[in-house]
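The values are calculated or read from the model by the stated rules, or taken from the named source; none is laboratory data. As the structure is a computational prediction, the values presented were derived from the model and not from experiment. Positions of Cβ are backbone-derived with ideal geometry, glycine not excepted, and every protein chain shown enters the neighbour counts. Heads up: the accessible areas ignore ligands, DNA and RNA and are worked out on the full protein's heavy atoms, side chains in. Shrake-Rupley method; radii C 1.70, N 1.55, O 1.52, S 1.80 Å.
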Amino acid sequence: MDVSMLALLAKTTSLMEYLGFLWVVQTGLELDLWTEMETASSLHEVMVLHPGWDETLLEHWLEQAYYLDLLTKREGRFQATKLARAINNYKNLGLQALYKELMGHWAAGFAELPRLITKQREKLKIGSDMEDELISKASMASEPFVWPFLRTKCQKEQWRKVLDLGCGEGRYLKRLADEFPELQGVGLEMNPIVVGRARERVQDCEGRVQILCQDILALGEQENPFLKEFGPFDLCLLNNSIYYFSQAQRIELLEKIKGLLVPGGQVGILTAVRQGDPVRVFRTHLPQNLMSFFLACHQGFEGLPTEQEVTSVLRQTGYRDINISVMPLGTSHYFFAAQGADEG
Ligand SMILES: C[S@@+](CC[C@H](N)C(=O)[O-])C[C@H]1O[C@@H](n2cnc3c(N)ncnc32)[C@H](O)[C@@H]1O
């Protein structure tokens, strides 16, 4: 057999393995089977719990999960492996939303690619379930890598007033307020449903964190009493939200942010980047570029920014001391820069 044919066969086989993983994990999450399978159970025992389910399909799910090292099998009983337990432990930190997004939206969106590239159809629209839930929740998946970095930086820089633009679930503000008792924060989020969840999350912060339902682009159009009361800010975060804006809008936004910061105040832009350098071992540049590709299929999105685009927009708007930190495993980049003229 031709070597290239063999290579193609190997790729196709591993593709099917990955697709199987996606479908099996997502189904287990939706039906809460990962919790159930923490106790060793036979097909019959699972069927007793769910008499209305399709036995043949459930049997296939168990078998497939076994082949994917998600379940062990002993004497006819299946049980969750460490990997499957990790799914359960990590599900509320963005994993469940990410898998739902991949299965429900990425597959259907990329199926339209031939028509999108040839402009036979208009670009896709971001669905309401994506806007109301999946995007902000899936974004939490990068938090375990990002939070230790942000905490250390906040300790060093002694930020006390933080503005978070596109704060989503409000988790960074909540963690900052919990960790630093004097810190005050304001989060801006345009989606009212996401705002509701964020407000619930920060309600035990003794009023030190306020979540406003407001469009970032409307900043400065009318005076906001909260921003006036809480500001000016030591730090303005744009965590995983820069890709919502075109390069021209980023310039406009960074200009407005300067007016909300104390002299020397900083902006922190967290984003996955397009065309980043290949990362070994976990190859996280591949999903980053795929995410960019997926975003670009949608109306109003151009994909993720490149590292160079972010630094250039910071320079153009007069920020100095640009510092870029690559998050662990190369999951995303954190750009920090200070407002104000160069010292010395
Ligand atoms: C990917 S999520 C990131 C959430 C959070 N910053 C994080 O890193 O986990 C981006 C959030 O920005 C919000 N957003 C996007 N454009 C916005 C705008 N113009 N004004 C306010 N919020 C916006 C979205 O609704 C979404 O919840």
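Points worth noting:
- Applying 1/(1 + (r/R0)^6) with R0 = 30 Å to the Cβ-Cβ distance of Thr39 and Ile126 gives a FRET efficiency near 0.15.
- Projecting the Cα atoms of Ile324, Leu253, His298 onto the charge dipole of the range 232-344, computed from C-beta unit charges around the Cα centre, puts His298 farthest toward the positive end.
- Applying the criteria of a DSSP loop state and at most 15 other Cβ atoms within 10 Å to the chymotrypsin sites (Phe, Trp or Tyr not before Pro) of the range 242-328 yields Phe282.
- Of all aspartates and glutamates in the structure, the ones whose alpha carbon falls short of 17 Å from that of Lys123, not counting any fewer than 8 places away in one chain, are Glu112, Glu131, Glu302.
- Segment Thr306-His60, extension gain: residue separation times 0.36 nm, minus the distance between their alpha carbons: 84.3 nm
- Prolate is the label for the chain. Its Cα gyration tensor axes, ordered a ≥ b ≥ c, give a/c of at least 1.5 and a/b above b/c.
- Candidates per GluC sites (Glu not before Pro) in the range 270-343, loop by DSSP, up to 16 other Cβ within 10 Å: Glu302, Glu343
- Comparing Pro287, Pro263, Pro51 in a Gaussian network model of the chain where C-alpha atoms under 10 Å apart are linked, the largest mean-square fluctuation is found at Pro51.
- Checking the Cα-Cα distances for Lys11/Lys73; Lys73/Lys125; Lys156/Lys256 against a 32 Å cut-off, the pairs over it are Lys73/Lys125.
- Per residue solvent-accessible surface (Å²) - the range 34-132, probe of 1.4 Å: 62 Å²
- Amide H within-cut-off set for Arg160, under 5 Å, with H built and near neighbours excluded: Asp234
- Karplus-derived 3J(HN,Hα), 6.51/-1.76/1.60, for each residue of the range 70-76, Hz, glycine and proline x: 9, 10, 8, 9, 9, 6, x
- Positive dipole terminus of the chain, leading residue within Leu8, Ala141, Gln120 (C-beta point charges): Leu8
- Antiparallel content of DSSP bridges confined to the range 190-344, in %, to 5: 65 percent
- Projected label points at Lys11 and Ile117, each 7 Å from Cα along the beta carbon direction, are separated by 1.3 nanometres.
- Calculated over the range 27-129: convex hull of Cα atoms, volume per residue (Å³): 140 Å³
- Ellipsoid semi-axes in whole angstrom, largest first, where each is sqrt(5λ) of the Cα gyration tensor of the range 92-160: 35, 14, 10
- Counting only DSSP beta bridges whose two residues both lie in the chain, roughly 45 percent are antiparallel.
- Anisotropy class of the range 141-339 from Cα gyration tensor, a/c 1.5 cut: rounded
- Virtual paramagnetic centre 7 Å along Cα→Cβ of Lys258, amide N under 15 Å, in the range 278-312: 312
- Loop-located GluC sites (Glu not before Pro) in the range 113-163, at most 16 other Cβ atoms within 10 Å (DSSP): Glu122
- Longest exposed-site-free window of the chain, the sites being trypsin sites (Lys or Arg not before Pro) in a DSSP loop that have at most 11 other C-beta atoms within 10 Å: 126-279
- Residues whose placed amide H lies under 5 Å from that of Leu124, excluding near-sequence neighbours: His298, Gln299
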